[in-house]
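For reference, the structure discussed in these notes is given below.
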Amino acid sequence: MLLTLHISKFEPGNYRVYVLDGRDELDEWWAPNVGAAIRECGYAEMPDLLGFHIWYEHVCVGTTAISDMRNDPEGIAQRLMALYAQFMS
């Protein structure tokens, strides 16, 4: 199973995080940064969960395995923010 992780910046140091299964919202919380949101989802305990489609605002870093989210959440966050910056110029 693959879920969607969507992160939106509310203000500096305050990011709204949603986990979606299709259009159904499964969870919502706040995180201090993008890496923290990814890290928390990396430790989700759901049978058959393989990974997430990770979004920040309107860009997607792609489909990411749970193991990668656990091992390198900051690296994924950096790639996601770099991609976001490309489309904000």
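No value in this document is a laboratory result; all are computed from the given coordinates. Bear in mind that the values here come from a model prediction, so they are computed numbers and not experimental data. Backbone-built Cβ (ideal geometry, glycine too); neighbour counts: all protein chains shown.
What length, rounded to one decimal in nm, is gained on full extension from LEU26 through to PHE10, with 0.36 nm per residue of separation minus their alpha-carbon distance? Could the numbers behind the result be given before it?
Numbers: separation 16, 0.36 × 16 = 5.76 nm, distance 1.98 nm.
Full extension of this stretch gives 3.8 nm more.
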Inset, instruction - Could you calculate, for the chain, the ratio of the Cα radius of gyration to the Kirkwood radius, expressed as Rg to Rh? - result: 0.94
Legend entry - DSSP-assigned coil residues among chymotrypsin sites (Phe, Trp or Tyr not before Pro) in region 14-89, each with at most 12 further Cβ atoms within 10 Å: TYR43
Legend entry - MRE, 222 nm, helices only [DSSP H, n ≥ 4, -39500 (n - 2.57), over the chain, to nearest 500]: -10500 deg cm²/dmol
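Take every DSSP beta bridge with both residues inside region 2-87 and express the antiparallel ones as a percent of the total, to the nearest 5. The partial results should precede the final answer.
On the way: 20 of 26 bridges.
Rounded to the nearest five, the antiparallel share is 75 percent.
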Inset, instruction - Give a quick list of GluC sites (Glu not before Pro) in region 1-48 that DSSP marks as loop, anything other than H, G, I, E or B, with at most 15 other Cβ atoms within 10 Å. - result: GLU45
